[in-house]
Amino acid sequence: MSALDVDMIPVKMQADALFRRKRLVSFGLPALVLAYLTYIFFAFDIPGLAQRFEVDNARALVADSYSYKTHVTRDNRSGEVSVAIEGERKGTYEAGTAPDWVALGNETLIDLGEGHVVTFGAENFMSYIVPGYGEITAQPSRAKGVDATLPEGDVPEWINVSRNRMTVTTEAGRLTVTRNRTEVFRYFAGWELFFFTLDSPYHGLGFGEVMARALGGEAADIWLDFWTNKMWRHSDVAWALFETILMAFLGTMGAAIVALPLAFLAAKNFSPLMAVRQVMRRFFDFFRGVDALIWTIVLARAFGPGPLTGALAILITDTGSFGKMFSEALENADQKQIEGIQSTGANPVQRYRFGVIPQVTPVLLSQILYYLESNTRSATIIGAITGGGIGLLLTQAMITQKDWEEVAYYIVLIILMVMAMDWFSGWLRRKLIQGDEGGR
Amino acid sequence: MADLTGGVGALRADYMALTRRKRMMDGIILAIFVALMVSGFMIADDRNAGGFWSGLHRLFDFPKEVLGEAVEKVDTLPAHFVKFFPSLVETINIAGASTLIGALAAMVLSLLSTRGMARWPRMIPVFRRIMDIMRAVPEIVIALVLIFVMGGGPVPAMIAIAFHTAGALGKLFSEVNENASLKPVEGLQSVGANWSQRMILGVIPQVSPNYLSYALLRFEINIRASAILGFVGAGGIGYELKNAMSWGKGQYDEAAAIFLLLFATIIVVDQVSSHFRDRLTHGKTDRKVAA
């Protein structure tokens, strides 16, 4: 009994020490994480973020990504009235035509809905009737500026008026009057002209009617009008998506083809020379260590922007990753199968072909397919840097700082593309690896 | 006896036919694959600004130029290293903070989407889809949008990388969770522990080595990502690289210094993290044997 007690004492001390350490880790680790995040909070100047945060940009971005505005503009020097979607030339209504809420004529009547009516009268006169407030009028001229008249009382904060400029922002739209221009915006939900631009005969037709006409033999014309839509450039977008996937495909598969023979040279059980192994491994480390970013820059200098540059950048970086992973997979290959093949008198090539490849194929395939999905994302990023694919379109749309509906469209497409590739590579993996198990 | 040999003959013929068919299928798949590679290469070559064959001999011009200048002005390199060290720290911090935040989010998401552990079992598919979407968003997309709203700097990059990391790690974590034993959870439940207690005390201790190992791997990836995001305006070493590149010919010594810094950082982080990951997956068994 006493002997047992003596035996138990060191065990108990050990257990106590273990508990102490556990306690330290379980309280110390969260404290460490918290301390690091606090440091980051100040190092990244997160308190100062509130000042840098541009609320107007955020509001414009969100509003523009799901709605669009139609501009009705009068040039106060010539008196001409034009109606344009998003104010773009590609979305301008032909002279003399307008959507049904704008009545052109000697007096232009613009119905903004909910009782808001803007009238462009003769001699540059304009009036805006705001329900619940009254009538705002202006008589812009070169001599007297905007010359606005508001209802009695204090000027509300949604009206901004000075000598040369008046801005009225209501829930129905926005009115800007300067000496040279009178402009009204009306907002609509949705993406404008997504299917057909204004010059297409199919613009404004319902889905059913377009389908009916397609069945009536106009399918090719309808498709052409949609495909060559100047606003949304569907054909260019499709090409860009294809280019991005092409980059990922060429890069991943090319890297796998290059890396497989090199991996044999780097694997302990296939390459007896230590020097060769070390050289190959440093080679892989180098290719991985010089990041895709640097490869992209270097390659773009030689080959110019485009999908080939992106594909090669992925190829080179992944040769390093694949080389490392493949050689590890080869080192884990079971030696017995190889010996079995050898005992039947197989030469080295046959030993590799029948003893090694069937063993490692599932591992390699699943790694390759995993990278194919991840490289679709990389290809988007590389495209944004070097100029190719959907990444380029995205950055181009961002630079204009107003086509946020296109940015939203591209983001949705990118997410769908990556998810589709994810699904596809998973499907292929299941198919190929299961097939291998059944067949071999 | 004759019956048996006949049977073997039939079997043999059958087997040979099967092999032939399989070989043919393999051959067809191989042919399709080669055709895809070749035509893909030709299309990519065609749509590139410069051709592959005309650019190939110029491939080493730029590295030669940069390295040549670096060798020429080798005495300025230490000064450049010191100058760019703070931005390197920023890049590493972006990666570190985003990995940490992303991993914490991934932990919660993965627990919420694992059968047997989920707080709301009916919501499992919803959380899975959320992770799928988070995983599918390339960092650059969020970073570019946030840079427009918040201005340049490390925060947009951090948020962007953390978002993607949460999705990517969430999937890996939930695979780990599925292999965890549910017995501790049931035991804790029987003594009246609530959900967060069950998870923190019952699940996390089981899975934390694997979590850590995946998080370290992600940290390696995120360092590269944060360097790339710097290149599009999100601060850190990538931003400095972009500036240094724009000085142009004759002044590539800064770019060379940044290249070297980035290269060294990635190599060091890779080595350190793979050492620790090795210990996390194999080292534990050693200790058990020793004890």
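For segment B:234-260, taking the residues that are open to solvent by 20 Å² or more (accessible area, probe 1.4 Å) and among the small types (Gly, Ala, Ser), the one that is nearest to the other protein chains (Cβ to nearest Cβ) is identified as B:Ser246.
Run B:Phe148 past the list (1) within 13 Å of chain A (Cβ to nearest Cβ); (2) closer than 18 Å to B:Ala215 by Cα; (3) aromatic (Phe, Trp, Tyr) and report the number of the one that doesn't hold. Among (1) within 13 Å of chain A (Cβ to nearest Cβ); (2) closer than 18 Å to B:Ala215 by Cα; (3) aromatic (Phe, Trp, Tyr), B:Phe148 violates only (2). Has segment A:100-111 got any residue that is in a strand (DSSP E or B), within 45 Å of the chain's Cα centre (by Cα), in the same structural domain as A:Val83 (by TED's automatic domain parsing) and farther than 16 Å from A:His71 by Cα? No, every residue in segment A:100-111 fails to be in a strand (DSSP E or B), within 45 Å of the chain's Cα centre (by Cα), in the same structural domain as A:Val83 (by TED's automatic domain parsing) and farther than 16 Å from A:His71 by Cα.
For segment A:258-360, the helices (runs of 4 or more DSSP H) that sit wholly inside it and include 1 or more residues that are within 14 Å of chain B (Cβ to nearest Cβ) are A:274-289, A:292-303, A:307-331. Within the group B:Met117, B:Met131, which residue is crowded, with 17+ Cβ neighbours inside 10 Å, away from chain A (no Cβ under 12 Å) and of a type in the set (A, V, I, L, M, F, W, C)? Only one candidate passes the filter, namely B:Met117. Here B:Lys22 passes the criteria (1) surrounded by 12 or more Cβ atoms within 10 Å (Cβ to Cβ); (2) touching an Asp or Glu at 6+ places or on another chain (Cβ under 9 Å); (3) without any contact (Cβ under 8 Å) to a residue 24 or more places away in the chain except the one numbered (2).
Would you confirm, using the coordinates I've provided, whether B:Gly230 is touching a helix residue (DSSP H, G or I) at 6+ places or on another chain (Cβ under 9 Å) and facing chain A (nearest Cβ under 10 Å)? It is true that B:Gly230 is touching a helix residue (DSSP H, G or I) at 6+ places or on another chain (Cβ under 9 Å) and facing chain A (nearest Cβ under 10 Å).
The single condition from (1) open to solvent by 50 Å² or more (accessible area, probe 1.4 Å); (2) touching a helix residue (DSSP H, G or I) at 6+ places or on another chain (Cβ under 7 Å) that A:Phe226 fails is (1).
A single entry from A:Thr296, A:Thr317, A:Thr361, A:Thr380 fulfils the requirement of being surrounded by fewer than 22 Cβ atoms within 10 Å (Cβ to Cβ), of a type in the set (Ser, Thr, Tyr) and assigned by TED's automatic domain parsing to the domain that holds A:Ser425: A:Thr361. Taking the criterion of being part of a strand (DSSP E or B) and either over 30 Å from B:Glu90 (Cβ atoms) or not acidic (Asp, Glu) (or both), would at least one residue in segment A:38-48 satisfy it? Checked segment A:38-48: no residue is part of a strand (DSSP E or B) and either over 30 Å from B:Glu90 (Cβ atoms) or not acidic (Asp, Glu) (or both).
Residues of segment A:384-400 that are more than 9 Å from chain B (Cβ to nearest Cβ) and open to solvent by less than 10 Å² (accessible area, probe 1.4 Å): A:Gly389, A:Ile390, A:Ala397. Is it the case that some residue within segment A:343-353 is in contact with a Ser or Thr (Cβ under 8 Å, 6 or more places away or on another chain) and open to solvent by less than 60 Å² (accessible area, probe 1.4 Å)? There is no residue in segment A:343-353 that is in contact with a Ser or Thr (Cβ under 8 Å, 6 or more places away or on another chain) and open to solvent by less than 60 Å² (accessible area, probe 1.4 Å).
Considered as a group, the residues in segment A:140-175 that are part of a loop (DSSP other than H, G, I, E, B) and charged (D, E, K, R) include one that is least open to solvent (accessible area, probe 1.4 Å), and that residue is A:Asp147.
The set of residues from segment B:30-53 being facing chain A (nearest Cβ under 9 Å), open to solvent by 60 Å² or more (accessible area, probe 1.4 Å) and aliphatic (A, V, I, L, M) comprises B:Leu36, B:Ala49. A single member of A:Val412, A:Val407 is closer than 18 Å to A:Ala238 by Cα, out of contact with any helix residue (DSSP H, G or I) (no Cβ under 6 Å at 6 or more places or on another chain) and within 13 Å of another protein chain (Cβ to nearest Cβ), and it is A:Val412. Return the total of residues in segment B:54-67 being outside any helix (DSSP H, G or I) and more than 7 Å from chain A (Cβ to nearest Cβ). Selection size over segment B:54-67: 2. Contact annotation: residue pairs with Cβ atoms under 9 Å, 6 or more positions apart or on different chains, pairing a residue in segment A:122-142 that is touching a residue at least 60 places away in the same chain (Cβ under 8 Å) with a partner that is part of a strand (DSSP E or B), are A:Pro140/A:Met126; A:Pro140/A:Ala148; A:Pro140/A:Met166; A:Pro140/A:Val177; A:Pro140/A:Thr178; A:Pro140/A:Arg181; A:Pro140/A:Thr182. So which residues in segment B:59-95 are among the basic types (Lys, Arg) and open to solvent by less than 90 Å² (accessible area, probe 1.4 Å)? Scanning segment B:59-95 gives a single hit, B:Lys73.
Look at B:Gly27 and say whether it is away from chain A (no Cβ under 12 Å), open to solvent by less than 40 Å² (accessible area, probe 1.4 Å), without any contact (Cβ under 8 Å) to a residue 12 or more places away in the chain and not basic (Lys, Arg). It is true that B:Gly27 is away from chain A (no Cβ under 12 Å), open to solvent by less than 40 Å² (accessible area, probe 1.4 Å), without any contact (Cβ under 8 Å) to a residue 12 or more places away in the chain and not basic (Lys, Arg).
For A:Thr376, the stated conditions hold: it is part of a helix (DSSP H, G or I), among the hydroxyl-bearing types (Ser, Thr, Tyr) and within 14 Å of another protein chain (Cβ to nearest Cβ). Every test in (1) on the phi > 0 side of the Ramachandran plot; (2) open to solvent by 50 Å² or more (accessible area, probe 1.4 Å) is passed by A:Leu193 save one, and that test is (2). Might you check whether a residue that is in contact with a strand residue (DSSP E or B) (Cβ under 8 Å, 6 or more places away or on another chain), outside any strand (DSSP E or B) and under 29 Å from A:Val72 (Cβ atoms) occurs anywhere in segment A:194-215? Yes, segment A:194-215 has at least one match. Within the option set B:Phe173, B:Phe231, B:Phe219, being at pLDDT 90 or above and open to solvent by less than 40 Å² (accessible area, probe 1.4 Å) holds for one residue only, B:Phe173. Selection over segment A:222-243 of residues that are closer than 15 Å to A:Gly91 by Cβ and modelled with pLDDT of 85 or more gives a count of 0. Within segment B:101-113, being surrounded by fewer than 22 Cβ atoms within 10 Å (Cβ to Cβ) and touching a helix residue (DSSP H, G or I) at 6+ places or on another chain (Cβ under 6 Å) holds for B:Ile101, B:Ala105. Considering A:Ala214, A:Ala248, the condition of being open to solvent by less than 40 Å² (accessible area, probe 1.4 Å), touching a residue at least 60 places away in the same chain (Cβ under 8 Å) and either away from every other protein chain (no Cβ under 14 Å) or over 19 Å from A:Glu405 (Cβ atoms) (or both) is satisfied by A:Ala248 alone.
Restricting A:Phe284, A:Phe226, A:Phe270, A:Phe303 to residues that are in contact (Cβ under 8 Å) with a residue 24 or more places away in the chain, among the aromatic types (Phe, Trp, Tyr) and closer than 30 Å to B:Lys242 by Cβ narrows the list to A:Phe284.
The values are calculated or read from the model by the stated rules, or taken from the named source; none is laboratory data. Treat the numbers as computed from the prediction; the structure is a model and nothing was measured. Note: ideal-geometry Cβ built from the backbone for every residue, glycine included; neighbour counts use all protein chains shown. Just so you know, the surface numbers come from the protein's heavy atoms only, side chains and all, with ligands and any DNA or RNA stripped out. Shrake-Rupley method; radii C 1.70, N 1.55, O 1.52, S 1.80 Å.
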